[in-house]
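Encoded as structure tokens, here's the structure I'll be asking about.
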Amino acid sequence: MSPESKKLFNIIILGVSFMFIFTAFQTCGNIAQTVITDLNNTDFHGSGYTSMSIIYGVFSASNLISPSVVAIVGPQLSMVVSGIFYSLYIAVFIQPAAWAFYTASVFIGIAAAVLWTAQGNCLTVNSDENTIGRNSGVFWALLQSSLFFGNLYIYFAWQGKTRISESDRRTVFIALTVISLVGTVLFFLIRKQEDTKAPGEEDSAKEILGDSSSAQNKMMRAVAAFKKSIKLSFTKEILLLSVTTAYTGLVLTFFSGVYGTCIGAVNRFGSEEKSLIGLSGIFIGVGEILGGGIFGLLSKNNRFGRNPVVMLGIVVHFIAFYLIFFNMPNDAPIAPMEGTDDVAYMIPSKEVAIFCSFLLGLGDSCFNTQLLSILGFLYSEDSAPAFAIFKFVQSICAAVAYFYSNYFLLQWQLLIMVVVGFFGTITFFTVEWQAAAALVARSSDYSSI
């Protein structure tokens with residue numbers, strides 16, 4: 001197998017592994033609040049929103065140390081151990097207990113930081129400036145396929161049900177735990193890349209993947225990775241991209257946790273309200289896969305850079321927010337177990353609700369594929385710290401959004417995303433123009449990004 005084929009093989013395995021793990025985790029997140037609402041009639045008392053807020057809060061803090069962990073352990077083993085913790089979190093729902101639920105939320109927050117830092121490093125090591133756009137799209141499309149499979153099962157299994165029984169819950173979460181473990185095992189198939197840099201050339205990827213077993217050298221790499229994270233945090237490009245990244249964190253919370261809960265709370269949807277949560281997740285996944293696939297395949301021939309894709313993303317999201325504002329009752333995110341009979345500015349439409357799910361997924365793929373691409377391009381030699389900062393900002397904003405989702409009406413949640421999205425688009429344009437100018441200065445072909 002040629003070096004290029006081996007790199008593409010690694011990207012595909014990376015994407016498939018994440019697809020399995022997040023088929024389990026994102027399906028879990030999509031139905032968690034609905035399941036917990038039913039469980040709160042028993043001895044269990046908890047909140048899916050609170051759990052997700054803990055996860056993303058710990059996730060954000062853990063990103064400060066995750067480059068050091070990956071430097072010591074290596075990206076492959078880091079992803080394997082993290083995958084195990086994802087599986088344990090999902091397994092908690094088989095026989096829920098509040099203390100185990102919230103404890104697992106803390107541990108998965110740490111695991112998520114390590115997992116995504118290792119993923120960013122693995123993506124960059126297996127790409128160059130000519131393939132980073134394609135590889136980002138391929139990975140994103142495979143990752144977001146996870147939204148399709150798990151939610152497809154939820155849609156058919158929960159058809160016509162207004163309450164989720166103990167038997168239904170256990171069946172779903174046992175299956176999701178096994179799926180997550182399969183994805184974890186697949187990480188072992190990723191092949192280590194040979195170092196192709198010239199002697200003496202600095203490359204943090206080499207530092208992260210170094211073979212030395214010396215404890216002193218490992219500690220030096222860990223300290224170096226931490227220092228690079230702090231240094232990169234205050235660069236102009238990272239500060240500007242942080243606004244865009246913050247927006248993706250808010251949107252992540254909305255489509256992965258809040259919007260499904262809104263749909264499940266609308267009594268006017270009748271007996272289909274619970275199964276529609278699964279259908280919504282499917283169409284979010286369709287939008288994500290379509291976006292990732294198209295932008296990955298077209299990246300090689302894109303003469304206009306990344307800005308038009310991001311512009312498409314914000315336009316698509318603004319249309320989705322407008323339709324959701326008109327279609328969904330204002331109290332849907334915080335409705336009680338009985339749901340809500342309120343009406344917004346139109347009679348709630350199942351078709352409009354599902355179409356908005358598709359738009360949310362498509363717009364999200366526009367932003368995330370281009371953020372992965374520009375980070376891999378700008379920080380090819382500092383990939384682990386750069387991706388750790390990206391996930392730090394994204395996760396802390398997701399944590400804040402999950403926290404206020406317990407209290408804010410729908411209209412205020414939509415307004416926050418509109419404002420942050422507007423400014424995030426402007427800051428991304430600024431960084432992309434600078435990247436284009438730098439590439440021209442290096443006499444490289446910009447159209448190949």
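Only one residue in Phe422, Phe428 is at pLDDT 90 or above, crowded, with 17+ Cβ neighbours inside 10 Å and more than 27 Å from Val343 (Cβ to Cβ), so which one is that? Break it down into steps so the answer makes sense when it comes.
Numbers: Phe422 fails: crowded, with 17+ Cβ neighbours inside 10 Å.
Selected residue: Phe428, the only one of Phe422, Phe428 that is at pLDDT 90 or above, crowded, with 17+ Cβ neighbours inside 10 Å and more than 27 Å from Val343 (Cβ to Cβ).
When the residues of region 431-449 are narrowed to those that are among the polar types (S, T, N, Q) and part of a loop (DSSP other than H, G, I, E, B), which ends up modelled with the lowest pLDDT?
Of region 431-449, the ones among the polar types (S, T, N, Q) are 434, 443-444, 447-448.
Keeping just the survivors that are part of a loop (DSSP other than H, G, I, E, B) gives 443-444.
Values: Ser443: 47, Ser444: 50.
By that ranking, first place goes to Ser443.
Another question, then. If we scan region 354-367, do we find a residue that is among the β-branched types (Val, Ile, Thr) and over 15 Å from Leu410 (Cα atoms)? Spell out the reasoning first.
So the first thing to find is which residues in region 354-367 are among the β-branched types (Val, Ile, Thr), and the list is 354.
Retained after the next criterion (residues that are over 15 Å from Leu410 (Cα atoms)): 354.
Yes.
Among the residues that make up region 74-84, is at least one of them within 19 Å of the chain's Cα centre (by Cα) and over 23 Å from Lys192 (Cβ atoms)?
no
Looking at the structure I just gave you, is Ala335 farther than 30 Å from Gln119 by Cβ, touching a strand residue (DSSP E or B) at 6+ places or on another chain (Cβ under 9 Å) and modelled with pLDDT of 80 or more? Steps first, please.
Working: farther than 30 Å from Gln119 by Cβ: yes; touching a strand residue (DSSP E or B) at 6+ places or on another chain (Cβ under 9 Å): yes; modelled with pLDDT of 80 or more: no.
Against the criterion (farther than 30 Å from Gln119 by Cβ, touching a strand residue (DSSP E or B) at 6+ places or on another chain (Cβ under 9 Å) and modelled with pLDDT of 80 or more), Ala335 does not qualify.
So, of the residues in region 338-368 that are of a type in the set (D, E, K, R) and in a helix (DSSP H, G or I), which turns out to be least open to solvent (accessible area, probe 1.4 Å)?
Filtering region 338-368 for residues of a type in the set (D, E, K, R) gives 338, 341-342, 350-351, 364.
Subset that is in a helix (DSSP H, G or I): 350-351, 364.
Working: Lys350: 70, Glu351: 133, Asp364: 6 Å².
So the residue we want is Asp364.
Is one or more of the residues making up region 369-389 open to solvent by less than 10 Å² (accessible area, probe 1.4 Å), at pLDDT 85 or above, under 30 Å from Ile230 (Cα atoms) and out of contact with any Lys or Arg (no Cβ under 8 Å at 6 or more places or on another chain)?
Taking every residue of region 369-389 in turn, at least one turns out to be open to solvent by less than 10 Å² (accessible area, probe 1.4 Å), at pLDDT 85 or above, under 30 Å from Ile230 (Cα atoms) and out of contact with any Lys or Arg (no Cβ under 8 Å at 6 or more places or on another chain).
The values are calculated or read from the model by the stated rules, or taken from the named source; none is laboratory data. Because the structure is predicted, anything quoted here is derived from the model rather than measured. No Cβ is skipped: glycine too gets one built from the backbone with ideal geometry, and neighbour counts run over all protein chains shown. Protein only, heavy atoms only, side chains kept; ligands, DNA and RNA dropped before computing areas. Shrake-Rupley method; radii C 1.70, N 1.55, O 1.52, S 1.80 Å.
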